[in-house]
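No lab work stands behind these numbers, since they all come straight from the coordinates. Note that the structure is a prediction, hence the values are computed from the model and not measured. When we count neighbours, we look across all protein chains shown, and the Cβ atoms used for this are built from the backbone with ideal geometry, even at glycine.
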Amino acid sequence: MMKYNVHSATDITGFGLVGHSFEMASGSGVTITLESRSLPLLPQAYEMAQMGIIPQGAYGNRNWIDCGAMEQGSVDLALTDIMYDPQTSGGLLIAVPEKEAQQLLSDLKGSIPIASVVGYAEEYHDKPIIIK
């Protein structure tokens, strides 16, 4: 990360991906769009979420962010439950300029094969978080 123009970075454990994205977006005055189908998932996480095996903290996170996030289009409930899950693997959410994102991703994939671009920031509109 040191060779890139990182605007912000955070460990997403505790408030989940949506909660930490909300904090980043609110602090920066932007809207962050998260693309649910781009998420790298731990083995069986999706299947567990489909069965409703979600920690209580995910519901608390959803309630906390409720007014600051909106879904667009057909978003899978199991994926959004995972996005609010506080017991993530401690992955990092890194914000870099769009022109640097693919190179950073390429560099990360050398040691972190599941590294992914999961969204983007743009000028604020409607809500701090949009989930697609």
Could you give the dipole magnitude of the chain about its Cα centre, charging the beta-carbon of Lys and Arg +1 and that of Asp and Glu -1, in debye to the nearest 20? 220 debye
Which of the peptides 110-120, 58-68 is most tightly packed, and how do the rest follow, going by the mean number of other Cβ atoms within 10 Å of each residue? 58-68, 110-120
Spin-label pair Ser26/Glu71, simplified geometry with 7 Å Cα→Cβ offset, distance in nm: 2.2 nm
So if we plug the beta-carbon distance of Ile53 and Thr13 into 1/(1 + (r/R0)^6) with R0 = 30 Å, what FRET efficiency do we get, rounded to 0.05? 0.95
Per the rule of 0.36 nm per residue minus the C-alpha distance, extending Glu100 to Met1 adds in nm 34.6 nm
Roughly what percent of Cα-Cα pairs across the range 1-64 reach past 19 Å? 44 percent
Dipole of the chain [Lys/Arg +1, Asp/Glu -1 at C-beta], most positive-end residue of Val118, Met2, Thr33: Met2
Can you give me the relative contact order of the chain as a percent, contacts being Cα pairs under 8 Å and 6 or more apart? 50 percent
By the Kirkwood definition, with r running over pairs of different Cα atoms, the chain has a hydrodynamic radius in Å of 15.0 Å
For the range 37-54 and the range 60-102, what is the separation of their C-alpha centers, rounded to whole Å? 13 Å
